[in-house]
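All remarks here apply to the structure that follows.
Taken together, the values in this text are just the output of simple stated rules run on the coordinates, not laboratory data. What you see is a predicted model; the values in this text were computed from it and never measured. Using ideal geometry, Cβ is built from the backbone for each residue, glycine included, and neighbour counts are taken over all protein chains shown.
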Amino acid sequence: MSRNICRSLAVISRLLKNPCNYGTKQSTGGSRGSLKEKLSSSQIKYELKLPCTSRIIINALHSNAKVVYKKLKGKLPLSKRRIDSRTNFARKQLTACINWNVVVFSYEKCLIKWASRI
């Protein structure tokens, strides 16, 4: 039969074993991080755990014709109200009276040894 249709025995056996998946390309297993959503190059690097710089990822995106790379828009500047609230918070923290007698500075190993004695 393989000679009649000019296919090898392996091809015929794969077709008979699994006719639904015959002719479909197998996945390479690599994730397609840049195609999921809008990500920056540093986010792609972090999610895929790539051992390269963000600049190399940008160059790869530019060279690939299938991926349309656009630079992400920057964030809007802070409003006047938000700037004032941040400034007021910082001033309160600077002028806050901290009772240093209540604060405990400890070294983790010493704390564990002290807790085991009790």
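Ordering 44-53, 83-92 by mean Cβ neighbour count within 10 Å, with the highest value first, yields 44-53, 83-92.
Placing dummy labels 7 Å off each Cα toward the beta-carbon, the span from LYS70 to GLN26 is 3.8 nm. Report note on the peptides 55-62, 6-13: ranked by the mean count of other C-beta atoms within 10 Å, highest first, their order is 55-62, 6-13.
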